[in-house]
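Undergrad: Before anything else, here's the structure in question.
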Amino acid sequence: MTIMILAFDIGGTEIKTSIFGDTFEKLLYTNKFKTETVKTEKILNDFFKEIDHVNVNFKLTGIAISCPGIIDKGYVKKGGSVSSLDNIYFGKILQQKYKIPVTIRNDAQCVLLAETQLGTLSQERDGVILTLGTGVGGGIMLNRELLFLRNSMSGEFSYMIHSYDASGNFVRVGQKLSATQMIKRVNNYYYEGDEADGYQAFEHILKKEEYALKQFELFCRGLAGLIINIQSVLHVKKVVIGGGISANPIVTKNIQRQLQLIYSQDNMYNSFSQPEVVASRFLNYSGRVGAYLNFKKLINKGMQK
């Protein structure tokens, strides 16, 4: 049987889909569509539309999903930034409709699977992944053990408290260090037609235009601060940056530079080992690669019988 798996990566802004060829660098199909974050019926219909469209040209044998929030055997207890998926038997709904196996795993865990099995952490004993998008997801590996337990939120850095205002109200990391929001601020300032266009925002940054460069530098400094917070607890050797913007080399370069600045400006961090900051191997595809690997692990042996 030819295995044809449609992999989904559900983000707070977009849902990305792919069918991989004989390597993960070879794509037989790829697409994306806007995430419906509120209405359950709408997001389900969007999934049905995409699967039906793909089935016209590919005979699917499975569906693999990377999904934010707490996932338990295909049941989404909490969809994180995608509340339209809260409290539904998502896997069961798709499996009953299409009569093919469906696997769903937390998005941070999927990225961790991809990068530890085949990516930039495959030869490391310890490491942390930060996926930059609507919020800050990621994963943790210590002594080759991946930190995720059932119903665990490990690696969901978005939920960490970033700071407090004068009244004591707190701001979460996901709110303060959102790559999506940084890109929107830059594009809106320069009156770009599409506020979500990352390529356009980085054109302004690469030209070193004052406002764009300042927003980018503040964003990278905030991420450097987050890495120091993580290091104060975990002390890892490598931090991997994922998400769409990680494809631009200036992202990891500037996070590393800001990290070095903080280390040099405060003697408190002299005893800290400074981690290497690198881009993920699969960049924006890590979630889909991890979803595929999860599917193969859980389903493939049974499918071949």
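Undergrad: Looking at SER84, SER66, which is the one that is more than 19 Å from LEU298 (Cβ to Cβ), small (Gly, Ala, Ser) and open to solvent by less than 10 Å² (accessible area, probe 1.4 Å)? If you could, list the steps in order and put the result at the bottom.
TA: Working: SER66 fails: more than 19 Å from LEU298 (Cβ to Cβ).
Matching residue, one of SER84, SER66: SER84.
Undergrad: Those residues that are more than 20 Å from the chain's Cα centre (by Cα) and of a type in the set (D, E, K, R), I need them from region 228-249; list them, please.
TA: The answer is LYS237, and nothing else.
Undergrad: What number goes with the only condition from (1) in contact with a helix residue (DSSP H, G or I) (Cβ under 8 Å, 6 or more places away or on another chain); (2) of a type outside the set (S, T, N, Q); (3) open to solvent by 40 Å² or more (accessible area, probe 1.4 Å) that GLU156 does not pass?
TA: (3)
Undergrad: For residues in region 1-11 being hydrophobic (A, V, I, L, M, F, W, C) and free of Cβ contacts under 8 Å to residues at least 60 places away in the same chain, which is least open to solvent (accessible area, probe 1.4 Å)?
TA: As a first pass, look at region 1-11 and keep what is hydrophobic (A, V, I, L, M, F, W, C): 1, 3-8, 10.
Narrowing the set further to residues that are free of Cβ contacts under 8 Å to residues at least 60 places away in the same chain leaves 4, 6.
On the way: MET4: 32, LEU6: 0 Å².
Ranking the candidates gives LEU6 first.
Undergrad: Can you name the residue in region 276-290 that is open to solvent by 60 Å² or more (accessible area, probe 1.4 Å) and in contact (Cβ under 8 Å) with a residue 40 or more places away in the chain and is also nearest to the chain's Cα centre (by Cα) among such residues? Spell out how you get there, then give the answer.
TA: Initially, region 276-290 is screened for residues open to solvent by 60 Å² or more (accessible area, probe 1.4 Å), giving 276, 281, 285.
When the remaining residues are screened for being in contact (Cβ under 8 Å) with a residue 40 or more places away in the chain, the result is 281, 285.
Values: ARG281: 13, TYR285: 9 Å.
Of everything passing the filter in region 276-290, TYR285 is nearest to the chain's Cα centre (by Cα).
Undergrad: Scanning region 87-108 for residues that are assigned to a helix (DSSP H, G or I) and of a type in the set (D, E, K, R), which turns out surrounded by the most Cβ atoms within 10 Å (Cβ to Cβ)? First the steps, then the outcome.
TA: In the first step, residues of region 87-108 are kept if they are assigned to a helix (DSSP H, G or I); the result is 90-98, 107-108.
Now drop any that are not of a type in the set (D, E, K, R), which leaves 92, 97, 107.
Numbers: LYS92: 13, LYS97: 14, ASP107: 31.
Selected residue: ASP107.
Undergrad: Give me a count of the residues in region 212-247 that are open to solvent by 10 Å² or more (accessible area, probe 1.4 Å), over 18 Å from ASP266 (Cβ atoms), small (Gly, Ala, Ser) and modelled with pLDDT of 95 or more.
TA: Of the residues in region 212-247, 0 are open to solvent by 10 Å² or more (accessible area, probe 1.4 Å), over 18 Å from ASP266 (Cβ atoms), small (Gly, Ala, Ser) and modelled with pLDDT of 95 or more.
Undergrad: A further question on this structure: Across region 291-300, which residue is farthest from SER232 (Cα to Cα) among those that are among the hydrophobic types (A, V, I, L, M, F, W, C) and open to solvent by 10 Å² or more (accessible area, probe 1.4 Å)? If you could, list the steps in order and put the result at the bottom.
TA: Pass one, region 291-300, residues among the hydrophobic types (A, V, I, L, M, F, W, C): 291, 293, 295, 298-299.
The next check asks that each one be open to solvent by 10 Å² or more (accessible area, probe 1.4 Å); those that pass are 293, 298-299.
Values: LEU293: 31, LEU298: 35, ILE299: 39 Å.
The qualifying residue farthest from SER232 (Cα to Cα) is ILE299.
Yes/no matrix, rows are residues, columns are (1) of a type in the set (D, E, K, R); (2) at pLDDT below 95; (3) at negative phi:
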{"position": "ILE19", "(1), (2), (3)": "no, no, yes"}
{"position": "LYS26", "(1), (2), (3)": "yes, yes, yes"}
{"position": "LYS59", "(1), (2), (3)": "yes, yes, yes"}
{"position": "ILE70", "(1), (2), (3)": "no, yes, yes"}
{"position": "LYS78", "(1), (2), (3)": "yes, yes, yes"}
{"position": "ASP86", "(1), (2), (3)": "yes, yes, yes"}
{"position": "ASP107", "(1), (2), (3)": "yes, yes, yes"}
{"position": "LEU113", "(1), (2), (3)": "no, yes, yes"}
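Undergrad: Which one is nearest to the chain's Cα centre (by Cα), of the residues in region 250-275 that are open to solvent by 90 Å² or more (accessible area, probe 1.4 Å) and at pLDDT below 95? First the steps, then the outcome.
TA: Of all residues in region 250-275, those open to solvent by 90 Å² or more (accessible area, probe 1.4 Å) come to 253, 257, 260, 265, 267-268, 270-271.
Applying the additional criterion that residues be at pLDDT below 95 yields 260, 265, 267-268, 270-271.
Details: GLN260: 25, GLN265: 31, ASN267: 33, MET268: 31, ASN270: 31, SER271: 31 Å.
The selected residue is GLN260.
Undergrad: Go through region 230-261 and report how many residues are closer than 16 Å to MET182 by Cβ and hydroxyl-bearing (Ser, Thr, Tyr).
TA: 2
Undergrad: Within region 12-31, is even one residue open to solvent by less than 50 Å² (accessible area, probe 1.4 Å), within 26 Å of VAL173 (Cα to Cα) and of a type outside the set (D, E, K, R)? I'd like the intermediate steps shown before the answer.
TA: So in region 12-31, the residues open to solvent by less than 50 Å² (accessible area, probe 1.4 Å) come out as 12, 15-21, 24, 29.
If we keep only those that are within 26 Å of VAL173 (Cα to Cα) as well, we get 12, 15-16.
Checking which are of a type outside the set (D, E, K, R) leaves us with 12, 15.
Looking for residues that are open to solvent by less than 50 Å² (accessible area, probe 1.4 Å), within 26 Å of VAL173 (Cα to Cα) and of a type outside the set (D, E, K, R), one finds at least one in region 12-31, hence yes.
The values are calculated or read from the model by the stated rules, or taken from the named source; none is laboratory data. Bear in mind the structure is a predicted one, so any value in this text is a computation, not a measurement. Cβ atoms come from the backbone with ideal geometry, glycine included; neighbour counts cover every protein chain shown. Just so you know, the surface numbers come from the protein's heavy atoms only, side chains and all, with ligands and any DNA or RNA stripped out. Shrake-Rupley method; radii C 1.70, N 1.55, O 1.52, S 1.80 Å.
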